[in-house]
1. Tell me the angle of helix 78-88 to the major Cα principal axis of the chain, expressed in degrees between 0 and 90 and rounded to the nearest ten.
2. Shape call for the stretch 29-92 from the C-alpha gyration tensor, a ≥ b ≥ c root eigenvalues: rounded (a/c under 1.5), prolate (a/b greater than b/c) or oblate?
3. Which of 54, 102, 151 moves the most in a Gaussian network model of the chain with Cα springs under 10 Å?
4. Calculated from DSSP H runs of 4 or more alone, at -39500 (n - 2.57) each and per residue, what is the 222 nm mean residue ellipticity of the chain, nearest 500?
5. Using a ≥ b ≥ c from the Cα gyration tensor of the chain (square roots of the eigenvalues), is it rounded, prolate or oblate, where a/c under 1.5 gives rounded and otherwise the larger of a/b and b/c decides, a/b for prolate?
6. Can you pull the percent of Cα pairs in the stretch 78-155 with separation above 22 Å?
7. If I take every Cα pair under 8 Å that is 6 or more residues apart in the chain, average their sequence separation and divide by the length, what percent do I get for the relative contact order?
8. Which angle from 0 to 90°, rounded to the nearest 10, does the C-alpha axis of helix 100-113 make with the longest principal axis of the chain?
């Protein structure tokens, strides 16, 4: 008599998956281009700058992460960033001098580095392979997991690439 019991070898190996997509930020990231506030899109003239700034409804930035940047080559005095920060402060969840892509990556990295990983302590862990994940996030995951896991792998549970074993 033949035994047709199916054995899940991945489950039997005791490997836990760590999926970086689970840490993707939920905060909407939007940009704020200083170009719109510059005189002739080239220089800061304080009177015109403040007048243009007063026309902006900053409530549209409520609970959002704002990437402040300038899309033209202009010399921006540091006080301008302070004025922008003052206007964004009551509304935005977060704001920084950055582009949208970099800010989103920083938020994602922060979510990874501050994650509760107590469930992964002393386990074999595989960080799932995904083509749409920035390499910096894999580095952040390694930084987070290395001190606490028994072994760290990359790929899928059934066919992982071993990164290190203790």
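Values in this text are rule-based calculations from the coordinates and carry no lab data. Remember, predicted model here, so these are calculated numbers, not experimental data. Neighbour counts run over all protein chains shown; Cβ positions are idealised from the backbone, glycine included.
1. 70 degrees
2. Prolate, because a/c is 1.5 or more and a/b exceeds b/c.
3. Checking each option, the largest mean-square fluctuation is seen for 54.
4. -8500 deg cm²/dmol
5. prolate
6. Within the stretch 78-155, distances greater than 22 Å cover 41 percent of Cα pairs.
7. Here the relative contact order equals 26 percent.
8. Between helix and principal axis, roughly 40 degrees.
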